[in-house]
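This report concerns only the one structure given below.
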Amino acid sequence: MTQVEVLDARRDAAGGYKVDVSRGERIGRVSSEWFSRPDDERYLSLSELARAVAGRAERSRSRVVESALIQVEASRDNPERLSLSLPGAKSPVAPTHWSFGQLASLVGAPAAYLRQLPAALAGINLQYGLTQHRPEQVKTLETEDGRVELRAVTGPDYGRIFDHELVEAVQRIAGDGTGDTRWKVPGVLDWSTGVYNPRVDITKDTTTLYASDRDVFLFLVDDLNPIEAGRLPDGSPDIFFRGFYCWNSEVGAKTLGIASFYLRAVCQNRNLWGVEDFEEITIRHSKYAASRFAHEAAPALLNFANSSPMPFINGVKAAREKIVARNDEDRSEFLRKRGFSKAETGKIIDAVLAEEGRPPESIFDFVQGITAVARDKPHQDARLDMEAKAKKLLDRAA
């Protein structure tokens, strides 16, 4: 029988945990965020981030107006800047880069082209579009920050979930996100030793707490409480940690979403390595989005944070113990029946042989081989399709 153990954090005395990142999936979503965020969008704690986005919401207001009644103005004092007069507003508002694009899209105008024009000429084109376009109601989001900015122009039924609502939901389980609870900004994998060190100073370079004028993105792990699910070929424990990331845009730039998973390590570039059991839910900002967030997303986050890892461990255990192939013919037949091509079948078997020193026998062997081959797929759709097949195998084993 496979030995299953939830390890004590004291095992970290040597400075980290030896992990095998050749297994499981590599997910680059967090790394993409890490690469693209300037310093002013990086936060060192959840409380710092919460203050920023909550303060922004407190200075904001929303209204529903008729698009045809929006007046576009170009200032003589600043010919490079446009402003808008909204029905019911006491003073003109300045569109952000994002809301200008939304407004241009509303009237079918190319935003990139309009941005290249002098403000007066862009204003004439935009005003013509608003006047000639079929009148409709739009919902605005205006924020006071020295001047009044128009941050969003959406449909009237846009179900806004403010960024601070997501951050506060995360705070309820993660506190400050700095180690005051079990959920924290992740550590770093040392590629030279294969050791993952969970204790790393949180700096602008290492943080995974981000917010801009159009979105928030948070990634936290429970990496001081490692989980063992079986053994590696050399007899050492196969170590996992729990993790999740979530995102939102209160201005219509993206959905709200939460992804939860088990992973083996996070590298300096914030790629996730050795990911297993990846689950994701998304909520579009439709009319009842706020209700769905309250009744689906927030409870799902809380449930994952407080859940036992035993179902995951037992699933891995069952997959390791379920032998499905004892010879080359069994192996080929098993994979071909599940939609893998002859070439893919050979690569999967070779991947396991290279990692384990033996051909695949169990469900878990095949899952590891499939995810290894999927990582080398150049096209995302092909990679995701292969990873979905791997997850299906693991779910059935459990």
Item to check | Selection count, the range 118-147, where residues are among the β-branched types (Val, Ile, Thr), buried (at least 17 other Cβ atoms within 10 Å of the Cβ) and more than 25 Å from Glu48 (Cβ to Cβ) | outcome: 2
Checklist outcome for this item: Going through the range 1-25 in order, the residues found to be surrounded by fewer than 16 Cβ atoms within 10 Å (Cβ to Cβ), acidic (Asp, Glu) and either modelled with pLDDT of 95 or more or not in a loop (DSSP other than H, G, I, E, B) (or both) are Glu5
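A quick yes/no check of all residues on (1) hydrophobic (A, V, I, L, M, F, W, C); (2) at pLDDT below 90; (3) touching an Asp or Glu at 6+ places or on another chain (Cβ under 9 Å); (4) in a strand (DSSP E or B):
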position: Asp77; (1), (2), (3), (4): no, yes, no, no
position: Glu80; (1), (2), (3), (4): no, yes, no, no
position: Gly88; (1), (2), (3), (4): no, yes, no, no
position: Leu103; (1), (2), (3), (4): yes, no, no, no
position: Ala122; (1), (2), (3), (4): yes, yes, no, no
Checklist entry - Since Gly28 meets every condition but one in (1) open to solvent by 70 Å² or more (accessible area, probe 1.4 Å); (2) modelled with pLDDT under 95; (3) within 24 Å of Ile258 (Cβ to Cβ), which condition does it not meet? => result (1)
Next on the checklist: Being open to solvent by 10 Å² or more (accessible area, probe 1.4 Å) and under 14 Å from Ser85 (Cα atoms): is that true of Val153 here?
Outcome noted: yes
Item to check | Yes/no for Ala169 being under 21 Å from Ala297 (Cβ atoms) and part of a helix (DSSP H, G or I) | outcome: yes
Next on the checklist: What pairs come out if I take residues in the range 225-239 that are outside any strand (DSSP E or B) and pair them with residues that are of a type in the set (Asp, Glu) whose C-beta lies under 6 Å away, six or more apart or interchain?
Outcome noted: Leu232/Asp20; Leu232/Asp238; Pro233/Glu356
Next on the checklist: If Phe340 satisfies all but one of (1) open to solvent by 40 Å² or more (accessible area, probe 1.4 Å); (2) farther than 19 Å from Leu232 by Cβ, what's the number of the condition it fails?
Outcome noted: (1)
Item to check | Filtered residue count, the range 37-53, keeping only those that are aliphatic (A, V, I, L, M) and either under 17 Å from Gln102 (Cβ atoms) or out of contact with any Asp or Glu (no Cβ under 8 Å at 6 or more places or on another chain) (or both) | outcome: 3
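Just to be sure before I move on: is Ser308 of a type in the set (Gly, Ala, Ser) and open to solvent by 10 Å² or more (accessible area, probe 1.4 Å) in the structure I sent?
When the stated conditions are applied, Ser308 passes them.
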Checklist entry - Out of the residues in the range 177-211 that are touching a helix residue (DSSP H, G or I) at 6+ places or on another chain (Cβ under 9 Å) and not in a loop (DSSP other than H, G, I, E, B), which is surrounded by the most Cβ atoms within 10 Å (Cβ to Cβ)? => result Leu209
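The values are calculated or read from the model by the stated rules, or taken from the named source; none is laboratory data. Note that this is a predicted model, so its numbers are computed, not measured. Note that each Cβ is placed from the backbone with ideal geometry, even for glycine, and that neighbours are counted across all protein chains shown. Surface areas here come from the heavy atoms of the whole protein model, side chains and all, with no ligands, DNA or RNA. Shrake-Rupley method; radii C 1.70, N 1.55, O 1.52, S 1.80 Å.
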